[in-house]
Amino acid sequence: MTNRDAILAAVRQKQPASCALPKVPLFDTDLPPTRAAFIAALGKMGGVWLEGAGLADDFDSVIRNRFPSAKNICSAVPEAEGTCRIESIDDPRQLDGVDIGVVRAGFAVAETGSVWLSEVQYSVNALGYLPQHLVVLLDPADIVPNLHHAYQRREFFTARYAVLMTGPSATADIEGVLIRGAQGIRSLTVLELPRSSND
Amino acid sequence: MRVALFIPCFIDTFFPEVGIATLELLERVGCQVVYPPNQTCCGQPLGNSGCQADARAAETLFVQNFADFDYIVSPSGSCVHHVRDHLTAAPDDDARARVRTNTYELVEFLHDVLNIRDFPWAEFPHKVGLHNSCGTLRRLNHASSSELNLPFFSKPLDLLQGVKGIEFAAPQRPDECCGFGGTFCVTEEPVSARMGYDKVRDHAGAGAEYIVSADMSCLMHQKGCAERLGLPLKFIHIAQILNGAKA
Amino acid sequence: MSKVDHVKASRSFIKDEPHIQFHDKRLWQIRSLRDQQAHGIPEWEQLRELASRIKEHTLSNLADYLEEFERKAIANGVVVHWAANAAEHNRIVHQLLSERGVDTLVKSKSMLTEECEMRPYLEARGIAVIETDLGERIQQLDDEMPSHIVIPAVHKLAKDVAEVFADTIGTDRSNDDPHYLAEGMRQDTRPYFLKSTAAGMTGCNFAVAETGSVVVCTNEGNADLSANVPSLHIASIGIEKLIPRLEHLPVFIRMLSRSAIGSPITQYTSHFSAPKDGGELHYVLVDNGRSERLAMDDFWYSLKCIRCGACMNTCPVYRRSGGLSYGGVYAGPIGAIINPTFDLKKYSALPFASTLNGSCSNVCPVKINIHEQIYKWRQIVVEQGQVSFIKKEAMKLAGKVLGDPKRYRQLSEGAKTIGGLPRAFLYNPFNAWGKQRELPAAPKQTFHEWYAQNRNKDDQPEGKA
């Protein structure tokens, strides 16, 4: 008998009598408006909310204004050029010298202030982690009210990798002192920007 | 109403005044109180130590002593918890099941069964810190525990609010365990004493003059800690306050 | 294996005032943050009940869900391995690494790999293992076990970390600013992620049968770096981590970080379902005693544990004795009920390192009846003869006395005499009560005697009401 079969046989023999599986409600009555709730939750988790940009704006300038000393900006969105395109990256390690990554969220979650990202948005997943800072574009129409709604999204069933990212990388492992920028990005900026019609 | 009085072993030996207050209070509110003279102990120290087999004789005696009563009342939350939930050294028979169901801790008996809120004879013009012992809080549901997202309630506070002149101190960690824990207090002496020190310091810091509880065992431990630390705290069982003790 | 002596370890932990004070305050602060979060969600208690029932359903149908999980994962292009025990787990991981010429394993925190003692196994075979969680790295560099499931170095002060880092990664010994130390760790670790001969490893918080996905919850971004930068990603998965479907996941995600550290969600909730372009994804499903535990009537509920650490944060004993005092991979209340399943003799003291206060069960997001299991473990420890001769005989004698009113009365009347004994007799090193506490004063008469004097059957106030 293989390991697999032996383990499964042992489990089958030892598992207790079957207990019923409960139904999970969506818990979505009386929730606050999603945009305001998202902004508040994002702020609590250390993310920065930027609004007021319009489709006609020059996003490279918006990003440069926020990060004046940034030299290398890698963009995975059509709205900003950056200094390099994600399409030009063929090994994730090349992203190590990048100051700012730019990507658009698949959707976001108001309850927790999380943005959803997968290989579809990133192209190269390390874009969310190796750069020093990350800018995420978000269409406010893409915000779902809570995690129950989030896990109904079809994207979860098709993504090879997906992350709910909530604020920058953080740690409080030394004396409880909160430090933003542990191993991953030092800051997360969510830039409100509706999708263009052909997006 | 005919009530059997269960006086736990350590109250019998070290705190007879608590037993007397309980007896007088029950009589005052109209109960006919019977004290079965052959009682010893519910077997909790043995059960808590994992020594089920050794607890059998004590439990059997307990059932014999109390099987004929519809109400068995005791001024000790942890003992009542043991009787109700852990009297399992021998298989359940009718008498044992009856005793387990019919045993009440004093506060819940006054609050839930007799539904009493006013103690016009009682006056306690002092600032007290209420110690909800873990057994009363989490096993007997005396009050809402801070961990749970449930509406606030507190049976001992409901009762104490019927006492004239009483004031309450607000410790920072109202439901933190004081570290008595039965045999834990000697088998894990270093942690037990540290927890006791932290508990009495918290109450002293909140300005409590007295610590009041429905569990004398916790108070015995806390009193020992406070005296060693030289803190000017006094300790009193809730039965004594409700029975009209002035100090 | 020698027995863990929790009392001795706690005594030395308590002696160090700055450390115990910080440890207790810090963990209590986290418990308070957890309370705020729990009280902020109206359906909190309903979520706990749902989580408990989903886990009980999954564990009672575990074989089917494991098969479904494997089937989906294979369809997604994942390679699935099965390990009956720690040794097999380590062998599988080593083979995967050595076949690919890997010499460095960057990994995120995993209690399972601690349980398997994987690090020394791989290091002995020439593979450098780099813990990339800050707390776990501190413990690795200090050659200590994690003292807490979620905050591995919570028992250390910044000055301790400064010492460890100065000795190992070359930071300035005199600088104990946590920001400086965390930055030092970041700078030291980054090159390992980028090594061409590195592979990545993560643990697993939840494994979703429906999609064959592994879910990893972290705050530092280290799991996502470990999994997304090197081309090989290995996930070690305890077989109890299964849940049926994605729709069940939010019940747990909503409670995990709220219970653990009082934040609404971890900074990163990462879902791995299939290998990245040009990469490989391997799952190692590990039993290591879990199927045995599944067969234990009173104790299988401990398999519901989602490793949030809330029971440790709230435990007044844990906060005052430190995680290392439990001497095993799992500390605190959950350790007291899990460790004995691995080695009852070694961990026989742990079920007694509890006041049975029940706060652990109240904070548990999957409603494990932890304190009731601790109570039952004590019976097993006694039944298996893992208590001292003295205790056994004392309990036997106590049992006899408490079952015999006559003998009991002789003794309780005798107890009153202790008040008259000289202080040096009462307060000596052999009296555990009196070391740090005063003894209660013995009254003139017992309640029993008072009653006999004051309430005779004849003058019982009949019908007074």
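Identify all residues within the stretch A:44-64 that are touching a residue at least 12 places away in the same chain (Cβ under 8 Å) and over 18 Å from A:Asp142 (Cα atoms); write none if there are none.
Passing the criteria: A:Lys44, A:Met45, A:Gly46, A:Phe59, A:Asp60, A:Val62, A:Ile63.
Given the options A:Ala10, A:Ala40, A:Ala17, A:Ala56, name the one that is of a type in the set (A, V, I, L, M), open to solvent by 50 Å² or more (accessible area, probe 1.4 Å) and under 30 Å from C:Asn61 (Cα atoms).
Numbers: A:Ala10 fails: open to solvent by 50 Å² or more (accessible area, probe 1.4 Å); A:Ala40 fails: under 30 Å from C:Asn61 (Cα atoms); A:Ala56 fails: under 30 Å from C:Asn61 (Cα atoms).
From the options A:Ala10, A:Ala40, A:Ala17, A:Ala56, the qualifying one is A:Ala17.
Provide a single number: the residues in the stretch C:45-56 that are open to solvent by 20 Å² or more (accessible area, probe 1.4 Å) and not basic (Lys, Arg).
Residues of the stretch C:45-56 that are open to solvent by 20 Å² or more (accessible area, probe 1.4 Å), as a first pass: C:45-46, C:49, C:53, C:56.
This time we only want the ones that are not basic (Lys, Arg), so: C:45-46, C:49, C:56.
Going through the stretch C:45-56 one residue at a time, the tally reaches 4.
Would you tally the residues in the stretch A:79-93 being in contact with a strand residue (DSSP E or B) (Cβ under 9 Å, 6 or more places away or on another chain), open to solvent by 20 Å² or more (accessible area, probe 1.4 Å) and not β-branched (Val, Ile, Thr)? Write out each step before concluding.
Restricting attention to the stretch A:79-93, the residues satisfying the condition of being in contact with a strand residue (DSSP E or B) (Cβ under 9 Å, 6 or more places away or on another chain) are A:79-86, A:88-89.
Pick out the ones that are also open to solvent by 20 Å² or more (accessible area, probe 1.4 Å) and you get A:79, A:81-85, A:88-89.
With the extra rule that they be not β-branched (Val, Ile, Thr), the set shrinks to A:79, A:81-82, A:84-85, A:88.
Number satisfying all stated conditions: 6.
Kindly state which strands (runs of 3 or more DSSP E) lie completely within the stretch C:217-289 and contain at least 2 residues that are open to solvent by less than 10 Å² (accessible area, probe 1.4 Å) and more than 7 Å from chain A (Cβ to nearest Cβ).
Numbers: elements: C:232-238, C:268-272, C:280-286.
Result: C:232-238, C:280-286.
Which numbered condition in (1) open to solvent by less than 30 Å² (accessible area, probe 1.4 Å); (2) not assigned by TED's automatic domain parsing to the domain that holds B:Ile7 is the only one that B:Phe109 fails?
The number of the failed condition is (2).
Go through (1) over 18 Å from B:Gln64 (Cβ atoms); (2) in contact with a Gly (Cβ under 8 Å, 6 or more places away or on another chain); (3) of a type outside the set (Asp, Glu) one by one and return the number of the condition B:Ala89 breaks.
Unmet for B:Ala89, out of (1) over 18 Å from B:Gln64 (Cβ atoms); (2) in contact with a Gly (Cβ under 8 Å, 6 or more places away or on another chain); (3) of a type outside the set (Asp, Glu): (1).
Kindly indicate the residue of the stretch A:20-37 that is surrounded by fewer than 16 Cβ atoms within 10 Å (Cβ to Cβ) and over 18 Å from A:Glu192 (Cβ atoms) and also nearest to the other protein chains (Cβ to nearest Cβ) among those meeting that condition. Walk me through it before giving the result.
Restricting attention to the stretch A:20-37, the residues satisfying the condition of being surrounded by fewer than 16 Cβ atoms within 10 Å (Cβ to Cβ) are A:20, A:23, A:25-26, A:28-33, A:36.
Add one more test, that the residue is over 18 Å from A:Glu192 (Cβ atoms), and what stays is A:20, A:23, A:25-26, A:28-31.
Details: A:Ala20: 6, A:Lys23: 9, A:Pro25: 8, A:Leu26: 9, A:Asp28: 11, A:Thr29: 10, A:Asp30: 9, A:Leu31: 11 Å.
Ranking the qualifying residues of the stretch A:20-37, first place goes to A:Ala20.
How many residues, within the stretch C:365-417, are within 9 Å of chain B (Cβ to nearest Cβ) and either on the phi > 0 side of the Ramachandran plot or part of a loop (DSSP other than H, G, I, E, B) (or both)?
So the count comes out to 3.
Is there a residue being open to solvent by less than 10 Å² (accessible area, probe 1.4 Å) and in contact (Cβ under 8 Å) with a residue 60 or more places away in the chain anywhere in the stretch B:86-103?
Taking every residue of the stretch B:86-103 in turn, at least one turns out to be open to solvent by less than 10 Å² (accessible area, probe 1.4 Å) and in contact (Cβ under 8 Å) with a residue 60 or more places away in the chain.
Give C:Val215, C:Val284, C:Val208 a once-over and let me know the one that is in contact with a strand residue (DSSP E or B) (Cβ under 9 Å, 6 or more places away or on another chain) and under 21 Å from C:Ile41 (Cβ atoms). Break it down into steps so the answer makes sense when it comes.
Working: C:Val284 fails: under 21 Å from C:Ile41 (Cβ atoms); C:Val208 fails: under 21 Å from C:Ile41 (Cβ atoms).
When all the criteria are applied, what remains is C:Val215.
I'd like to verify a number: residues in the stretch C:407-440 that are open to solvent by 40 Å² or more (accessible area, probe 1.4 Å) and either at pLDDT below 85 or touching a strand residue (DSSP E or B) at 6+ places or on another chain (Cβ under 9 Å) (or both), how many?
16
How do the helices (runs of 4 or more DSSP H) wholly within the stretch B:25-125 filter down when requiring 2 or more residues that are within 14 Å of another protein chain (Cβ to nearest Cβ): which remain? Can you show your working first?
Values: elements: B:44-48, B:52-66, B:77-86, B:94-102.
In the stretch B:25-125, the matching helices (runs of 4 or more DSSP H) lie at B:44-48, B:52-66, B:77-86.
Kindly establish whether C:Phe13 is out of contact with any helix residue (DSSP H, G or I) (no Cβ under 9 Å at 6 or more places or on another chain), aromatic (Phe, Trp, Tyr) and assigned to a helix (DSSP H, G or I).
Details: out of contact with any helix residue (DSSP H, G or I) (no Cβ under 9 Å at 6 or more places or on another chain): no; aromatic (Phe, Trp, Tyr): yes; assigned to a helix (DSSP H, G or I): yes.
Considered against the rule, which asks whether it is out of contact with any helix residue (DSSP H, G or I) (no Cβ under 9 Å at 6 or more places or on another chain), aromatic (Phe, Trp, Tyr) and assigned to a helix (DSSP H, G or I), C:Phe13 comes out as no.
Could you go through the stretch B:229-237 and let me know if any residue there is more than 10 Å from every other protein chain (Cβ to nearest Cβ), in contact with a Phe, Trp or Tyr (Cβ under 9 Å, 6 or more places away or on another chain) and of a type in the set (Val, Ile, Thr).
Within the stretch B:229-237 (the criterion being more than 10 Å from every other protein chain (Cβ to nearest Cβ), in contact with a Phe, Trp or Tyr (Cβ under 9 Å, 6 or more places away or on another chain) and of a type in the set (Val, Ile, Thr)), the answer is yes, since at least one residue qualifies.
Just checking, how many residues over the stretch B:129-149 are open to solvent by 50 Å² or more (accessible area, probe 1.4 Å) and in contact with a helix residue (DSSP H, G or I) (Cβ under 7 Å, 6 or more places away or on another chain)? Give the derivation first.
Initial filter on the stretch B:129-149 (open to solvent by 50 Å² or more (accessible area, probe 1.4 Å)): B:139, B:141.
Right, trim to in contact with a helix residue (DSSP H, G or I) (Cβ under 7 Å, 6 or more places away or on another chain) and you get B:139.
Total satisfying the criteria: 1.
Does B:Ala206 satisfy being open to solvent by less than 20 Å² (accessible area, probe 1.4 Å) and over 19 Å from the mean Cα position of the chain (by Cα)?
Values: open to solvent by less than 20 Å² (accessible area, probe 1.4 Å): no; over 19 Å from the mean Cα position of the chain (by Cα): yes.
The answer is no for B:Ala206.
List every residue pair whose Cβ atoms sit under 7 Å apart, with the two residues 6 or more apart in sequence or on different chains, where the first one lies in the stretch B:22-34 and is closer than 14 Å to B:Ile241 by Cα and the second, anywhere, is at pLDDT 95 or above and small (Gly, Ala, Ser).
Once the first residue is closer than 14 Å to B:Ile241 by Cα and sits in the stretch B:22-34, its partners that are at pLDDT 95 or above and small (Gly, Ala, Ser) give B:Thr22/B:Ala239; B:Leu25/B:Ala239.
State which residue pairs qualify: first residue at the interface with chain C (Cβ under 8 Å from one of its Cβ atoms) and open to solvent by 20 Å² or more (accessible area, probe 1.4 Å) and inside the stretch B:1-21, second residue part of a helix (DSSP H, G or I) and not polar (S, T, N, Q) in any location, beta carbons under 7 Å apart, and separation of 6 or more residues or different chains.
B:Phe14/B:Met220; B:Ile20/C:Phe447; B:Ile20/C:Trp450
Among B:Gly182, B:Gly165, which is the only one that is small (Gly, Ala, Ser) and open to solvent by less than 40 Å² (accessible area, probe 1.4 Å)? It would help to see each step written out before you state the result.
Values: B:Gly165 fails: open to solvent by less than 40 Å² (accessible area, probe 1.4 Å).
None of the other options fit; the residue is B:Gly182.
Which of the residues spanning the stretch C:11-20 are open to solvent by 40 Å² or more (accessible area, probe 1.4 Å) and within 10 Å of chain B (Cβ to nearest Cβ)? Full working, then the answer.
To start, the set of residues in the stretch C:11-20 that are open to solvent by 40 Å² or more (accessible area, probe 1.4 Å) comprises C:11-12, C:15-18.
Matches in the stretch C:11-20: C:Arg11, C:Ser12, C:Lys15.
Pairs needed: first member in the stretch C:130-153, at the interface with chain A (Cβ under 10 Å from one of its Cβ atoms) and open to solvent by 10 Å² or more (accessible area, probe 1.4 Å); second member anywhere, hydroxyl-bearing (Ser, Thr, Tyr) and not in a helix (DSSP H, G or I); C-beta distance under 9 Å; at least 6 residues apart or different chains.
If the second residue must be hydroxyl-bearing (Ser, Thr, Tyr) and not in a helix (DSSP H, G or I), the pairs left are C:Asp133/A:Thr171; C:Asp133/C:Ser108; C:Asp133/C:Thr218.
Yes or no, residue by residue, for (1) away from chain C (no Cβ under 12 Å); (2) without any contact (Cβ under 8 Å) to a residue 60 or more places away in the chain; (3) under 25 Å from C:Trp44 (Cα atoms); (4) open to solvent by 20 Å² or more (accessible area, probe 1.4 Å):
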position	(1), (2), (3), (4)
A:Glu111	no, no, yes, yes
A:Pro131	no, yes, no, no
A:Val135	yes, no, no, no
A:Ala141	yes, yes, no, yes
A:Thr158	no, yes, no, yes
A:Leu164	no, yes, yes, no
A:Gly167	no, no, yes, no
A:Gln183	no, yes, no, no
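Give me a count of the residues in the stretch B:217-247 that are open to solvent by less than 10 Å² (accessible area, probe 1.4 Å) and not polar (S, T, N, Q). So that I can check it myself, show each step before the final result.
Of all residues in the stretch B:217-247, those open to solvent by less than 10 Å² (accessible area, probe 1.4 Å) come to B:217, B:219, B:221-222, B:224-226, B:236-239, B:241-242.
Restricting the remaining residues to those that are not polar (S, T, N, Q) gives B:219, B:221, B:224-226, B:236-239, B:241-242.
Qualifying residue count for the region: 11.
Find all pairs meeting these conditions: Cβ atoms under 7 angstrom apart; at least six residues apart or on different chains; first residue within the stretch B:155-167 and farther than 16 Å from B:Thr136 by Cα; second residue outside any loop (DSSP other than H, G, I, E, B) and open to solvent by 50 Å² or more (accessible area, probe 1.4 Å).
B:Val163/B:Glu123; B:Lys164/B:Glu123; B:Gly165/B:Glu123; B:Glu167/B:Lys127
Read through the list (1) more than 11 Å from chain A (Cβ to nearest Cβ); (2) closer than 30 Å to C:Arg91 by Cα, then give the number of the only condition that C:Met312 fails.
(2)
The values are calculated or read from the model by the stated rules, or taken from the named source; none is laboratory data. These numbers come from a predicted model, not from an experiment. Glycine also receives a Cβ, built like all others from the backbone with ideal geometry; neighbour counts cover every protein chain displayed. Please note that ligands, DNA and RNA were not included when accessible areas were found on the heavy atoms of the full protein model with its side chains. Shrake-Rupley method; radii C 1.70, N 1.55, O 1.52, S 1.80 Å.
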